[in-house]
Structure formats: C-alpha cells, structure tokens
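A short reminder: the numbers here are calculations on the coordinates, not readings from a lab. Model, not experiment: these values are computed from the prediction. Cβ: placed from backbone, ideal geometry, glycine included. Neighbour counts: every protein chain shown.
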Amino acid sequence: MVHSIADCFFPATGYAVRPRQGKSCFMKTKTSGSPALSEHGFTRVELTAVIIAVAFLGALVLPALAKGHAGSRTVVCLNNHRQLARSCLLYSQDVNGRLPNNYSLPATETAISTGAFDNWVNNIMTWGASASLDDVSNTNVAWAENGPLSPYLHSNISFFKCSADIYLGAAQRQKRWSARLRSVSMNGFFGLTDTNPSSLSGRSWAEGGKYRQFLKTTDVPIPAMTWLTIDEHADSVNDGFFIVSATATSWGDLPASYHEGACGFSFADGHSEMHKWLSATSRYPVKYIFSTRSFDAAGRKDFQWYKDRLQLIHSGFVILLTFVIRVSSFPGHPFEAVPQNRLVSFQFVRLAVVAERDAHNPGLWMLHDPN
C-alpha cells in the first residue's frame, strides 16, 4: 500500500498522482481480453524479410520505369523530326517549292557573321566554350530562333535537339552549361550548300557534283523513301549538314544511336521513323573525340539501308526523244483489222527531257521535264 503521495511521484513527467483507495500506483493491470502490447519493434528476421521484399519489388518495377522513360524520349524525338519535316514542307510552299538552305560549315559561319541567318539552322556544335563564333553558337538562342524555319516552328528551337543527347564538353561543364542547342542535321543532298552560283546547277556539293542536289520538293522522286533530317552523334555533329561518301567503308558523319541503338529520321513526305542499327560499327558511345571503325558485314547492311534512302541520282543530261502519237485514222494503215474507233494515225513529236540513271539500279532511267 502507498503511505504518501510522494510514493507516486513520476520524475519523467513532473507530476504526482494519488492512487485510488486500496491500489498501488505501481500495480500492473490487465486489459480485458487483450494481450499485452509488445515492448519491441521488428526483429532482425522480420526486418530482413521486409528489405528483401522491397528489393525484389524494386528489381521488378525499376526496369519497367526505365523502359517507359526511354519510350517517352523516343516519342518526343520522333515528334521533333516530324515537326522539322513539316516546317520544311510549309516553308517550301511559301517560296515556290524551294527547299531551305542547308549550308556546309564555311557558309554557316558566313550566314551568322554577316547577320543573314538564312541557313535552315544557324549554329555549329562544338565541345568548346570559348568566345569564338562556333563555340558561342552552341547556346545562342537568338541565332537559332532567327532561321527561315522558325516561323513554322513557332520559334520552338527544342525541335532541333534529341532529348537523349545530354552531352557537354569538359569546358562546357566547367562553365555550368545546361545543354547544347542542337543534335539534328539535314541530308546533305537537300537545299543549297552555299551561296556560290554553281550551287544553283542542281549538282551535289558532295562527290564532286556526281549526284543530283534536291533544290525543290518536286526534285525528290520518292519522298517517302528519302530521309530529310537525322539524329547526328554528339562526337560528329558540327554544322547542320550530314554527308557520307556513297563509297565509304566507314561512317563519315556519324548517325546517333541514343534510343537503345536506334536513330531518329524524318522523311521528305513529312513522316518520321526510328531505325535500329545492326552493327557495333554503327553504334558508338560518346567519347568527346570523333573516331569510327570500318564496317563489318552488319555495318555494310546498315550503310546500305542508309544509302537506299538517300535517292542517289546521277546528275542528269538532256537527250532528245521522238514520240509517236496516234492522232487520226488513215487508209492503208497496218492496223486495218482493228475497229475504226480504236485507230489513230501517227504524228512524230520531239520532246527534250532529262534522263537520270538510278544510282542503285543502272537499268532504271527516270525522265522528267527539265523546266
């Protein structure tokens, strides 16, 4: 029994409690029908089991989340290419079918330094962070927004960049840059490559003028099979002009492979595709220095897929063809047994056309009006 209230003083709370008559303040009581509460938390075995369960669930969920993130980046990339192709087509409709300028590096520098800004994209990608024109153009938003396609993109220059290209050079990281502005380039057989009058001939700047340069949308024979823009590898991208020799044994300019080994393309009809490369000679990690290896067997298949979608057409030459046109019936013709309403006479007409041999099928000739 408690003889004084001091016997029931609780130092932890600072309070003293008077117990009920006949009870000790230290006497244990038992709740009706309830077990005593445990005075400890998880045991080591229970905690280990929980950790294992969480790790197992994470192993199941995280790859799915990563795959979903990669898939969303692929969708964004395809949309970027589609928007760029659409902007080129809209631009050409407003300028009598002409395709936008697609300058090589010297002409791009001139377009920026003179303030002409008449290239499809007015920047040059580098790994540097100096005050040079090329390095400054890595991040110069005003120059990028000043191009001829900008009105058709609502000045949204994010379409120039693949979201999977997150790479910066050492000097750029040191200056805390967030990103370079572009990873997309244009097919080197599209548009004027410089401002020289010779470029208006329709002969390619590449390959010594051996192939045709597409200056208008109507010059492209099969738009759905002719790529227009491409994701270029971070170690390769500089100007917005992508070209590889048709006889190359390794990549010249290097396509990207950011999307699980695949590369984004747009085509001259406005659609976009993701193409997965077969060979390690087409897929390279970013090393901040350009280098490639000779194609292996799978690499040659990759390159053939690429070439088949270039529409390499040998530069045309004008020939004179004679067409025979049946215009009216006449007596004594060799088809006298044919019913009268199916007969016409022959009239000889000369027509000048341009004949072009398909680069991949020498037996196939394409004829079109040179005007």
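Structure summary
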item	result
Positions within the range 131-154 being surrounded by fewer than 15 Cβ atoms within 10 Å (Cβ to Cβ) and touching a residue at least 24 places away in the same chain (Cβ under 8 Å), in sequence order	V141
Test result for Y306, under 17 Å from the mean Cα position of the chain (by Cα) and within 21 Å of F189 (Cβ to Cβ)	yes
Single unsatisfied condition, G115 versus (1) surrounded by 16 or more Cβ atoms within 10 Å (Cβ to Cβ); (2) over 23 Å from the mean Cα position of the chain (by Cα)	(1)
Considering residues of the range 253-291 that are of a type in the set (F, W, Y) and in a loop (DSSP other than H, G, I, E, B) only, the residue surrounded by the most Cβ atoms within 10 Å (Cβ to Cβ)	Y258
Condition met for D135 (part of a helix (DSSP H, G or I) and of a type in the set (D, E))	yes
Considering residues of the range 102-132 that are of a type outside the set (V, I, T) and in a helix (DSSP H, G or I) only, the residue farthest from T193 (Cα to Cα)	S113
In the range 174-195, the residues that are over 12 Å from S104 (Cα atoms) and not basic (K, R)	Q174, W177, S178, A179, L181, S183, V184
Those residues of the range 162-211 which are in a helix (DSSP H, G or I) and either in contact with a Pro (Cβ under 6 Å, 6 or more places away or on another chain) or loosely packed, with under 14 Cβ neighbours inside 10 Å (or both), in sequence order	A170, R173, Q174, P197, S198, L200, S201, G208
Exclusive hit being touching a Pro at 6+ places or on another chain (Cβ under 7 Å) and aromatic (F, W, Y), set F267, F303, F295, F242	F267
